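Structure first, commentary second.
Only the coordinates and a few stated rules stand behind these numbers; no lab work does. Source: prediction; values computed, not measured. Note that we place each Cβ from the backbone using ideal geometry, even for glycine, and neighbour counts take in every protein chain shown.
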Amino acid sequence: MTTETTTEAENGTEREQSRQPILEARDVEKGFGNGNVLEGLDLTVEAGELLTVMGPNGVGKSVFLSCLAGSTDPAVGSIELFDGRSPTEAQSMTSVMLQGRSIDPDLTGRENLQFYGDLHPRATEDWREIATRLELEDDLDRPAREYSGGMARKLELTIALSVDAELYLLDEPTAELDLTTIQTVHDLLFEYRRAGKTILLTSHAPLDARIADRIAFVRDGRLVATAPPQTLLDDLPPVVRIRGDVPPESAFLGARVFQRGDEIRGFLRGADELETVRETVERDRDHDRGRERKRATVELDSPSYTDLFNYYTAVQTARDDSEGS
Ligand SMILES: Nc1ncnc2c1ncn2[C@@H]1O[C@H](COP(=O)(O)OP(=O)(O)OP(=O)(O)O)[C@@H](O)[C@H]1O
């Protein structure tokens, strides 16, 4: 494995970071009888980074994480952690949270914590502080079967984060959590990263994109883009925002538009397409003589993380399909 040094901005200050691969997955394939879910997935995770693997529901994020954790074996490909260890050999240095797969519903939250504390060689007493910060402490003596989805996620997170691991593999750690708790989880993850820990998490929530050092988008069983969030945002095609009383969105940008609240957002092929969209919106308004339409505004806008997610999970696919046909 090679080591490179890079400088990146964090909280306004430059920091030197030694980038050393801590996990290398090569050409990973995995299926379940009716075709492959993972179709040759490659990913390198660097020591000390927080990497978010993103993709829509059912794309294979959890299956991939299970392969990295050693809970399931890839059919094809290799996974190497900590300079030559298999996922199973690396388990003592890794802490894993797999969605809904760890908690025993017949035990209380506290008994679950004790059970996992006895299992992992690097378990610590940090669960007390983590459970407090996640506001789970008052529920620790209830049977886990009574937990809501969010409470179960808090318990799974408390179990995973109370291990003093080198690498944390967290499957959708913010799913089902309210916004305040998501912020607490993000704060915790930042603290772990500042302490030199490496974190790989999966998510389909744009909210989890902005905390990442790098985002890896999964589509069709492969990674289609892996880069720091700002780089991915900078590389997006121009984003158009259409507000007001406008004709159906399909009329002007086809598969490249998304309704968001009271506005429509879309991706232009180039900034010069803006005028064409404006004209199309105006023309469609003129043709719609049956009713009086208020004015619509059509303007360029800065891309958001939701735009980023839409682009890599839907638009790029549609564009590739139309370009390939
Ligand atoms: N044990 C299994 N047996 C059969 N199919 C499975 C199994 N595990 C996963 N799959 C299938 O693999 C595909 C990917 O599932 P996976 O849970 O990895 O998706 P995901 O990207 O994590 O989705 P989500 O965001 O909804 O959690 C799905 O079609 C799922 O039905």
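Comparing mean-square fluctuations of Asp178, Asp104, Asp213 from a GNM of the chain with C-alpha springs under 10 Å, the top value falls on Asp178.
Can you tally the net charge around Leu232? Count Lys and Arg as +1, Asp and Glu as -1, for every other residue whose Cβ sits under 13 Å from the Cβ of Leu232. It would help to have the intermediate numbers written out before the result.
Details: positive: Arg210, Arg214; negative: Asp213, Asp234, Asp235, Asp307.
After counting each charged neighbour, the total is -2.
Taking the Cβ of Pro87 as the center, what net charge do the other residues with Cβ under 10 Å away carry, scoring Lys and Arg +1 and Asp and Glu -1? Spelling it out: positives minus negatives among the neighbours equals -2. Size descriptors for segment 51-122, from the alpha-carbon set: Rg then Dmax equal 14.2, 39 Å.
Within 10 Å of each residue's Cβ, count the other Cβ atoms and sort Asp262, Asp126 from fewest upward. Before the final figure, lay out each step's value.
Details: Asp262 7, Asp126 13.
If I rank by nearby Cβ atoms, fewest first, I get Asp262, Asp126.
The DSSP beta bridges internal to the chain are antiparallel in roughly 70% of cases. The label point for Glu191 and the one for Arg243, both projected 7 Å from the Cα toward the Cβ, are 3.9 nm apart. Sorting Ser304, Ser92 by the number of Cβ atoms found within 10 Å of their own Cβ, with the fewest placed first, yields Ser92, Ser304.
If you wrap the Cα atoms of segment 115-188 in a convex hull and average its projected area over all directions, you get 5.0 nm². Overall dimensions of the chain, expressed as equivalent-ellipsoid semi-axes from the Cα gyration tensor (√(5λ), whole Å, largest first), are 40, 23, 19. Counted by Cβ distance under 15 Å from Glu137, the other residues give a net charge of -3, where Lys and Arg count +1 and Asp and Glu count -1. Helix-only arithmetic for the chain: the sum of -39500 (n - 2.57) across DSSP H runs with n ≥ 4, divided by the residue total, places the mean residue ellipticity at 222 nm at -8500 deg cm²/dmol.
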